[in-house]
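J.: So that we are looking at the same thing, I have put the structure below in C-alpha coordinates.
The values are calculated or read from the model by the stated rules, or taken from the named source; none is laboratory data. Because the structure is a prediction, the values reported are computed rather than measured. Positions of Cβ are generated from backbone atoms using ideal geometry, with glycine treated the same way; all protein chains shown enter the neighbour counts.
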Amino acid sequence: MRVTSLDLTFLNLPLVRPERWTWGERSSYTVGLVELHTDVGITGLGEVNVCMGPDTTVITALTQQLAGMVIGESPLAPQRLISRVMAEGWYPFHRTASLVLGGIEMSCWDAMGKFLKQPISTFFGGALRQSFASMYYVQRYEDINNMVEIGKDAVGRGFNTIYFKVGTEEQRDLELVRRMREGIGPSPHIRVDANEAWSPGTAVRILRSMAPFGIEYIEQPVSMFDIDGMAHVRRASGVAVGANQTSWGPHATLEVVRKEAADVIMTDPHQEGGLLPFKRVLGLCEMAGLPFVVHAFNATSLSLIADLQVLSTSTAPILAQQGHPDFLADDYVTKPLDYADGLLQVPQLPGIGVDIDKEKLVKYHNRFEEEGMASIYSADSSASQVIPAI
(Lines give C-alpha, C1' and ligand atoms only; values in the text may rest on other atoms or scores of the structure.)
Protein backbone atom coordinates (compact mmCIF):
# COMPACT_ATOMS: atom_id res chain seq x y z
CA MET A 1 0.00 0.00 0.00
CA ARG A 2 1.43 3.35 -1.09
CA VAL A 3 0.22 6.94 -0.80
CA THR A 4 -0.90 8.32 -4.16
CA SER A 5 -2.24 11.75 -3.19
CA LEU A 6 -3.31 13.87 -0.26
CA ASP A 7 -6.24 16.30 -0.08
CA LEU A 8 -6.79 19.08 2.47
CA THR A 9 -10.27 20.57 2.88
CA PHE A 10 -11.01 23.42 5.29
CA LEU A 11 -14.31 23.44 7.16
CA ASN A 12 -16.03 25.85 9.53
CA LEU A 13 -18.07 23.92 12.07
CA PRO A 14 -20.65 25.99 14.00
CA LEU A 15 -20.59 26.30 17.78
CA VAL A 16 -23.75 26.36 19.88
CA ARG A 17 -22.70 29.80 21.10
CA PRO A 18 -19.48 31.86 20.87
CA GLU A 19 -16.53 30.52 22.86
CA ARG A 20 -14.92 33.19 25.05
CA TRP A 21 -11.60 32.90 26.80
CA THR A 22 -8.73 35.08 28.02
CA TRP A 23 -7.43 35.93 24.54
CA GLY A 24 -10.54 36.28 22.40
CA GLU A 25 -13.78 34.83 21.05
CA ARG A 26 -14.94 32.66 18.14
CA SER A 27 -18.23 31.24 16.89
CA SER A 28 -16.85 28.38 14.73
CA TYR A 29 -14.10 25.79 14.68
CA THR A 30 -11.94 25.86 11.56
CA VAL A 31 -10.50 22.40 10.90
CA GLY A 32 -8.56 20.92 8.01
CA LEU A 33 -9.70 17.47 6.90
CA VAL A 34 -6.83 15.35 5.53
CA GLU A 35 -7.76 12.61 3.07
CA LEU A 36 -4.77 10.38 2.33
CA HIS A 37 -5.44 8.30 -0.79
CA THR A 38 -3.65 5.02 -1.52
CA ASP A 39 -3.08 2.72 -4.47
CA VAL A 40 -5.36 0.05 -2.94
CA GLY A 41 -8.41 2.31 -2.81
CA ILE A 42 -8.25 2.99 0.93
CA THR A 43 -8.49 6.58 2.16
CA GLY A 44 -7.07 7.47 5.55
CA LEU A 45 -8.62 10.37 7.48
CA GLY A 46 -6.92 12.88 9.72
CA GLU A 47 -7.32 16.45 10.90
CA VAL A 48 -4.97 19.43 10.74
CA ASN A 49 -5.33 21.92 13.55
CA VAL A 50 -6.31 25.43 12.42
CA CYS A 51 -6.90 27.96 15.18
CA MET A 52 -3.69 29.77 16.03
CA GLY A 53 -1.05 31.91 14.28
CA PRO A 54 -0.50 30.08 10.97
CA ASP A 55 -3.53 30.91 8.83
CA THR A 56 -4.99 28.62 6.20
CA THR A 57 -2.60 29.94 3.54
CA VAL A 58 0.37 28.90 5.66
CA ILE A 59 -1.27 25.60 6.62
CA THR A 60 -1.94 24.84 2.95
CA ALA A 61 1.64 25.60 1.92
CA LEU A 62 3.03 23.48 4.75
CA THR A 63 0.67 20.62 3.91
CA GLN A 64 1.76 20.71 0.27
CA GLN A 65 5.42 20.64 1.30
CA LEU A 66 4.97 17.74 3.70
CA ALA A 67 2.75 15.87 1.22
CA GLY A 68 5.68 15.81 -1.18
CA MET A 69 7.59 13.74 1.37
CA VAL A 70 4.66 11.35 1.91
CA ILE A 71 3.44 10.56 -1.61
CA GLY A 72 4.93 7.28 -2.80
CA GLU A 73 5.66 6.15 0.76
CA SER A 74 3.84 3.46 2.72
CA PRO A 75 1.33 4.63 5.36
CA LEU A 76 2.28 1.47 7.26
CA ALA A 77 5.46 3.23 8.45
CA PRO A 78 4.39 6.48 10.19
CA GLN A 79 7.63 6.72 12.20
CA ARG A 80 9.66 6.79 8.99
CA LEU A 81 7.51 9.64 7.69
CA ILE A 82 7.95 11.65 10.91
CA SER A 83 11.71 11.08 10.85
CA ARG A 84 11.94 12.14 7.23
CA VAL A 85 10.11 15.40 7.88
CA MET A 86 12.29 16.25 10.87
CA ALA A 87 15.47 15.28 9.00
CA GLU A 88 14.60 17.64 6.16
CA GLY A 89 15.08 20.63 8.42
CA TRP A 90 11.80 20.90 10.33
CA TYR A 91 13.23 19.90 13.71
CA PRO A 92 13.88 23.55 14.79
CA PHE A 93 10.27 24.36 13.85
CA HIS A 94 8.69 21.34 15.49
CA ARG A 95 5.72 23.19 17.01
CA THR A 96 4.63 24.66 13.68
CA ALA A 97 5.23 21.48 11.71
CA SER A 98 3.31 19.44 14.28
CA LEU A 99 0.02 21.23 13.59
CA VAL A 100 0.06 19.72 10.08
CA LEU A 101 2.18 16.62 10.63
CA GLY A 102 -0.22 15.51 13.36
CA GLY A 103 -3.06 15.33 10.83
CA ILE A 104 -1.05 13.60 8.11
CA GLU A 105 0.35 11.03 10.52
CA MET A 106 -3.16 10.44 11.90
CA SER A 107 -4.42 9.65 8.40
CA CYS A 108 -1.66 7.03 8.02
CA TRP A 109 -2.88 5.18 11.11
CA ASP A 110 -6.46 5.33 9.87
CA ALA A 111 -5.40 3.89 6.49
CA MET A 112 -3.38 1.19 8.27
CA GLY A 113 -6.33 0.21 10.46
CA LYS A 114 -8.68 0.00 7.48
CA PHE A 115 -6.13 -2.01 5.49
CA LEU A 116 -5.52 -4.51 8.30
CA LYS A 117 -9.14 -4.37 9.54
CA GLN A 118 -8.17 -3.36 13.07
CA PRO A 119 -8.93 -0.34 15.30
CA ILE A 120 -5.80 1.78 15.60
CA SER A 121 -5.59 0.98 19.32
CA THR A 122 -4.27 -2.44 18.21
CA PHE A 123 -1.10 -0.84 16.88
CA PHE A 124 -0.38 0.98 20.15
CA GLY A 125 -0.50 -2.12 22.34
CA GLY A 126 -4.18 -2.93 22.44
CA ALA A 127 -7.07 -1.30 24.27
CA LEU A 128 -7.21 -1.59 28.06
CA ARG A 129 -10.61 0.10 28.24
CA GLN A 130 -13.45 1.17 25.98
CA SER A 131 -14.74 4.32 27.65
CA PHE A 132 -13.52 7.37 29.54
CA ALA A 133 -15.13 9.85 31.89
CA SER A 134 -15.55 13.23 30.22
CA MET A 135 -15.30 16.64 31.83
CA TYR A 136 -18.03 19.18 31.01
CA TYR A 137 -16.92 22.57 29.67
CA VAL A 138 -19.17 25.36 30.99
CA GLN A 139 -18.73 28.24 28.56
CA ARG A 140 -18.49 31.79 29.80
CA TYR A 141 -21.66 33.83 30.40
CA GLU A 142 -21.67 37.29 31.92
CA ASP A 143 -24.33 36.08 34.35
CA ILE A 144 -22.71 33.64 36.78
CA ASN A 145 -26.15 32.21 37.56
CA ASN A 146 -26.34 30.84 34.01
CA MET A 147 -22.98 29.11 34.38
CA VAL A 148 -23.93 27.56 37.71
CA GLU A 149 -27.22 26.26 36.30
CA ILE A 150 -25.39 24.71 33.34
CA GLY A 151 -22.92 23.07 35.72
CA LYS A 152 -25.75 21.65 37.85
CA ASP A 153 -27.50 20.32 34.75
CA ALA A 154 -24.29 18.64 33.55
CA VAL A 155 -23.80 16.94 36.91
CA GLY A 156 -27.40 15.76 36.74
CA ARG A 157 -26.64 14.19 33.35
CA GLY A 158 -23.70 12.18 34.70
CA PHE A 159 -20.69 14.48 34.29
CA ASN A 160 -18.55 14.45 37.44
CA THR A 161 -15.95 17.05 36.41
CA ILE A 162 -16.92 20.66 35.64
CA TYR A 163 -14.43 22.84 33.75
CA PHE A 164 -14.47 26.56 33.04
CA LYS A 165 -12.13 29.41 32.18
CA VAL A 166 -10.75 31.90 34.67
CA GLY A 167 -8.12 34.60 34.33
CA THR A 168 -10.25 37.56 33.31
CA GLU A 169 -11.10 39.36 36.58
CA GLU A 170 -9.99 38.18 40.00
CA GLN A 171 -13.07 38.82 42.13
CA ARG A 172 -15.40 37.43 39.47
CA ASP A 173 -13.24 34.30 39.19
CA LEU A 174 -13.40 33.75 42.94
CA GLU A 175 -17.14 34.30 43.04
CA LEU A 176 -17.63 31.90 40.13
CA VAL A 177 -15.64 29.14 41.85
CA ARG A 178 -17.45 29.64 45.15
CA ARG A 179 -20.91 29.65 43.62
CA MET A 180 -20.19 26.71 41.31
CA ARG A 181 -19.11 24.64 44.32
CA GLU A 182 -22.24 25.63 46.22
CA GLY A 183 -24.37 24.79 43.18
CA ILE A 184 -22.99 21.37 42.25
CA GLY A 185 -22.27 20.15 45.77
CA PRO A 186 -19.14 18.74 47.41
CA SER A 187 -18.50 15.63 45.30
CA PRO A 188 -18.06 16.69 41.63
CA HIS A 189 -14.64 17.96 40.60
CA ILE A 190 -14.04 21.58 39.59
CA ARG A 191 -11.27 22.14 37.06
CA VAL A 192 -10.25 25.67 35.98
CA ASP A 193 -8.04 27.02 33.20
CA ALA A 194 -6.28 30.41 33.26
CA ASN A 195 -4.64 30.08 29.81
CA GLU A 196 -1.35 31.66 30.91
CA ALA A 197 -3.11 34.80 32.20
CA TRP A 198 -1.31 35.19 35.52
CA SER A 199 2.16 35.85 36.84
CA PRO A 200 3.39 33.25 39.36
CA GLY A 201 2.73 35.57 42.30
CA THR A 202 -0.77 36.42 41.11
CA ALA A 203 -1.52 32.74 40.50
CA VAL A 204 -0.44 31.79 44.03
CA ARG A 205 -2.55 34.55 45.60
CA ILE A 206 -5.71 33.71 43.63
CA LEU A 207 -5.35 29.94 43.93
CA ARG A 208 -4.89 30.12 47.70
CA SER A 209 -8.29 31.81 47.81
CA MET A 210 -9.81 29.16 45.52
CA ALA A 211 -8.27 26.18 47.31
CA PRO A 212 -10.94 25.87 50.06
CA PHE A 213 -13.56 25.22 47.35
CA GLY A 214 -11.82 22.05 46.18
CA ILE A 215 -10.10 22.72 42.85
CA GLU A 216 -9.07 19.48 41.12
CA TYR A 217 -6.33 21.37 39.26
CA ILE A 218 -5.56 24.67 37.56
CA GLU A 219 -4.61 24.32 33.90
CA GLN A 220 -1.72 26.47 32.68
CA PRO A 221 -1.78 29.31 35.24
CA VAL A 222 1.36 31.08 33.94
CA SER A 223 3.32 31.56 30.72
CA MET A 224 4.10 28.40 28.79
CA PHE A 225 7.78 29.36 28.82
CA ASP A 226 8.01 29.77 32.60
CA ILE A 227 8.52 26.21 33.81
CA ASP A 228 10.18 27.44 37.01
CA GLY A 229 7.15 29.67 37.60
CA MET A 230 4.86 26.67 37.13
CA ALA A 231 6.88 24.74 39.69
CA HIS A 232 6.61 27.66 42.13
CA VAL A 233 2.82 27.82 41.73
CA ARG A 234 2.59 24.08 42.28
CA ARG A 235 4.61 24.26 45.51
CA ALA A 236 3.11 27.43 46.95
CA SER A 237 -0.56 27.59 45.97
CA GLY A 238 -2.09 24.50 47.56
CA VAL A 239 -3.73 23.64 44.22
CA ALA A 240 -2.57 20.97 41.77
CA VAL A 241 -1.21 22.26 38.44
CA GLY A 242 -1.87 20.94 34.94
CA ALA A 243 0.67 21.74 32.21
CA ASN A 244 -0.76 22.18 28.71
CA GLN A 245 0.95 24.88 26.66
CA THR A 246 4.10 24.21 28.70
CA SER A 247 3.91 20.57 27.57
CA TRP A 248 4.16 21.45 23.88
CA GLY A 249 6.64 18.98 22.45
CA PRO A 250 8.52 16.07 24.03
CA HIS A 251 11.52 18.04 25.25
CA ALA A 252 9.33 20.59 27.02
CA THR A 253 7.30 17.82 28.66
CA LEU A 254 10.46 16.08 29.85
CA GLU A 255 11.62 19.36 31.42
CA VAL A 256 8.25 19.76 33.17
CA VAL A 257 8.69 16.30 34.67
CA ARG A 258 12.33 16.93 35.65
CA LYS A 259 11.47 20.19 37.43
CA GLU A 260 8.36 18.73 39.11
CA ALA A 261 6.37 21.61 37.60
CA ALA A 262 3.03 19.84 37.16
CA ASP A 263 0.70 17.31 38.74
CA VAL A 264 -1.06 16.60 35.44
CA ILE A 265 0.34 16.50 31.88
CA MET A 266 -1.88 17.70 29.02
CA THR A 267 -1.06 17.58 25.33
CA ASP A 268 -2.42 16.15 22.06
CA PRO A 269 -1.26 14.82 18.67
CA HIS A 270 -1.31 18.31 17.13
CA GLN A 271 1.10 19.58 19.75
CA GLU A 272 3.28 16.49 19.52
CA GLY A 273 3.22 15.88 15.75
CA GLY A 274 1.26 12.64 15.57
CA LEU A 275 -0.34 9.79 17.45
CA LEU A 276 2.96 7.95 17.92
CA PRO A 277 4.72 10.93 19.61
CA PHE A 278 1.52 11.33 21.63
CA LYS A 279 1.84 7.73 22.82
CA ARG A 280 5.42 8.41 23.92
CA VAL A 281 4.21 11.18 26.22
CA LEU A 282 1.74 8.73 27.74
CA GLY A 283 4.65 6.38 28.37
CA LEU A 284 6.60 9.18 30.06
CA CYS A 285 3.61 9.88 32.31
CA GLU A 286 3.37 6.20 33.22
CA MET A 287 7.04 6.15 34.22
CA ALA A 288 6.78 9.41 36.18
CA GLY A 289 3.54 8.42 37.91
CA LEU A 290 1.67 11.43 36.52
CA PRO A 291 -1.95 11.40 35.31
CA PHE A 292 -2.59 12.44 31.72
CA VAL A 293 -5.52 14.43 30.31
CA VAL A 294 -5.85 14.96 26.57
CA HIS A 295 -5.93 18.57 25.38
CA ALA A 296 -8.92 18.82 23.05
CA PHE A 297 -7.86 21.29 20.33
CA ASN A 298 -10.99 22.02 18.24
CA ALA A 299 -12.65 18.90 19.62
CA THR A 300 -14.35 17.29 16.63
CA SER A 301 -15.32 13.62 16.70
CA LEU A 302 -12.55 12.64 14.26
CA SER A 303 -9.63 14.04 16.25
CA LEU A 304 -11.00 13.18 19.68
CA ILE A 305 -11.81 9.57 18.77
CA ALA A 306 -8.29 9.18 17.36
CA ASP A 307 -6.95 10.51 20.68
CA LEU A 308 -9.15 8.13 22.66
CA GLN A 309 -7.98 5.16 20.60
CA VAL A 310 -4.42 5.84 21.78
CA LEU A 311 -5.45 6.80 25.33
CA SER A 312 -7.21 3.45 25.66
CA THR A 313 -3.83 1.69 25.49
CA SER A 314 -2.33 3.53 28.50
CA THR A 315 -2.75 3.48 32.28
CA ALA A 316 -1.99 7.22 32.65
CA PRO A 317 -5.47 8.66 31.77
CA ILE A 318 -7.03 8.25 35.23
CA LEU A 319 -8.89 11.60 35.34
CA ALA A 320 -11.84 12.85 33.29
CA GLN A 321 -10.69 13.61 29.76
CA GLN A 322 -11.21 16.84 27.88
CA GLY A 323 -14.21 16.63 25.62
CA HIS A 324 -16.60 19.40 24.75
CA PRO A 325 -20.13 17.98 24.79
CA ASP A 326 -22.82 20.43 23.68
CA PHE A 327 -20.07 22.63 22.20
CA LEU A 328 -20.44 21.94 18.49
CA ALA A 329 -23.81 22.71 16.94
CA ASP A 330 -22.99 20.08 14.30
CA ASP A 331 -20.19 17.73 13.23
CA TYR A 332 -19.24 16.33 9.83
CA VAL A 333 -19.02 12.63 10.60
CA THR A 334 -21.90 10.21 10.16
CA LYS A 335 -21.86 9.17 13.83
CA PRO A 336 -20.60 11.86 16.24
CA LEU A 337 -18.88 10.91 19.49
CA ASP A 338 -21.25 9.71 22.18
CA TYR A 339 -21.15 11.52 25.57
CA ALA A 340 -24.06 9.66 27.17
CA ASP A 341 -23.94 9.67 30.99
CA GLY A 342 -20.70 11.68 30.93
CA LEU A 343 -18.74 8.91 29.22
CA LEU A 344 -16.72 8.97 26.00
CA GLN A 345 -17.13 5.68 24.14
CA VAL A 346 -14.21 4.39 22.02
CA PRO A 347 -15.35 2.79 18.72
CA GLN A 348 -14.11 -0.70 17.94
CA LEU A 349 -14.24 -0.28 14.15
CA PRO A 350 -11.30 -0.52 11.72
CA GLY A 351 -9.06 2.52 11.67
CA ILE A 352 -10.08 5.51 13.76
CA GLY A 353 -13.67 4.40 13.47
CA VAL A 354 -15.45 7.31 11.72
CA ASP A 355 -16.93 8.02 8.30
CA ILE A 356 -17.44 11.42 6.68
CA ASP A 357 -20.90 12.78 5.92
CA LYS A 358 -20.31 14.02 2.37
CA GLU A 359 -23.21 16.49 2.39
CA LYS A 360 -21.97 18.13 5.58
CA LEU A 361 -18.44 18.18 4.20
CA VAL A 362 -19.64 20.32 1.30
CA LYS A 363 -21.86 22.44 3.55
CA TYR A 364 -19.15 23.35 6.03
CA HIS A 365 -16.47 23.81 3.39
CA ASN A 366 -18.78 26.37 1.75
CA ARG A 367 -19.18 28.03 5.13
CA PHE A 368 -15.40 28.30 5.40
CA GLU A 369 -15.24 29.85 1.92
CA GLU A 370 -17.78 32.46 3.02
CA GLU A 371 -16.41 33.25 6.49
CA GLY A 372 -12.69 32.52 6.32
CA MET A 373 -10.63 31.15 9.20
CA ALA A 374 -12.20 31.32 12.66
CA SER A 375 -9.26 32.39 14.82
CA ILE A 376 -9.30 31.62 18.52
CA TYR A 377 -7.55 34.93 19.17
CA SER A 378 -8.96 38.45 19.26
CA ALA A 379 -9.40 40.28 15.96
CA ASP A 380 -8.01 43.33 17.77
CA SER A 381 -4.27 43.15 17.12
CA SER A 382 -3.51 44.89 20.41
CA ALA A 383 -5.75 42.46 22.32
CA SER A 384 -5.81 45.13 25.02
CA GLN A 385 -9.44 44.39 25.81
CA VAL A 386 -8.84 40.77 26.70
CA ILE A 387 -5.37 40.65 28.30
CA PRO A 388 -5.94 40.81 32.05
CA ALA A 389 -3.81 42.84 34.42
CA ILE A 390 -1.24 40.81 36.34
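J.: Which numbered condition trips up GLU142, out of (1) surrounded by fewer than 21 Cβ atoms within 10 Å (Cβ to Cβ); (2) on the phi < 0 side of the Ramachandran plot; (3) modelled with pLDDT of 95 or more; (4) of a type outside the set (Val, Ile, Thr)?
T.: Among (1) surrounded by fewer than 21 Cβ atoms within 10 Å (Cβ to Cβ); (2) on the phi < 0 side of the Ramachandran plot; (3) modelled with pLDDT of 95 or more; (4) of a type outside the set (Val, Ile, Thr), GLU142 violates only (3).
Rundown of residues vs (1) part of a loop (DSSP other than H, G, I, E, B); (2) not assigned by TED's automatic domain parsing to the domain that holds THR315, yes/no style:
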site	(1), (2)
SER98	no, yes
ASP110	no, yes
GLY113	no, yes
ALA127	yes, no
ARG140	yes, no
LYS152	no, no
ASP173	no, no
ARG181	no, no
ILE190	no, no
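J.: Can you name the condition, by its number, that LEU275 falls short on among (1) crowded, with 20+ Cβ neighbours inside 10 Å; (2) without any contact (Cβ under 8 Å) to a residue 40 or more places away in the chain; (3) among the hydrophobic types (A, V, I, L, M, F, W, C)?
T.: LEU275 satisfies every listed condition except (2).
J.: Applying the selection to the range 197-214, what residues are touching a residue at least 24 places away in the same chain (Cβ under 8 Å) and either surrounded by fewer than 20 Cβ atoms within 10 Å (Cβ to Cβ) or in contact with a Leu (Cβ under 6 Å, 6 or more places away or on another chain) (or both)?
T.: Within the range 197-214, SER199, THR202, ARG208, SER209, ALA211, PHE213, GLY214 qualify.
J.: Is the range 155-163 home to any residue that is assigned to a strand (DSSP E or B), within 22 Å of the chain's Cα centre (by Cα) and either surrounded by fewer than 21 Cβ atoms within 10 Å (Cβ to Cβ) or free of Cβ contacts under 8 Å to residues at least 12 places away in the same chain (or both)?
T.: Within the range 155-163, none of the residues are assigned to a strand (DSSP E or B), within 22 Å of the chain's Cα centre (by Cα) and either surrounded by fewer than 21 Cβ atoms within 10 Å (Cβ to Cβ) or free of Cβ contacts under 8 Å to residues at least 12 places away in the same chain (or both).
J.: Of these, PRO291, PRO317, which one is at pLDDT 95 or above and over 24 Å from THR122 (Cβ atoms)?
T.: Every option except PRO291 fails the conditions.
J.: Check ARG172 against each of (1) in contact with a helix residue (DSSP H, G or I) (Cβ under 8 Å, 6 or more places away or on another chain); (2) surrounded by 15 or more Cβ atoms within 10 Å (Cβ to Cβ); (3) not hydroxyl-bearing (Ser, Thr, Tyr) and name the one condition it does not meet.
T.: It is condition (2) that ARG172 fails.
J.: Within the range 16-58, how many residues are of a type outside the set (Asp, Glu), assigned to a loop (DSSP other than H, G, I, E, B) and under 22 Å from ASP268 (Cα atoms)?
T.: The total comes to 6.
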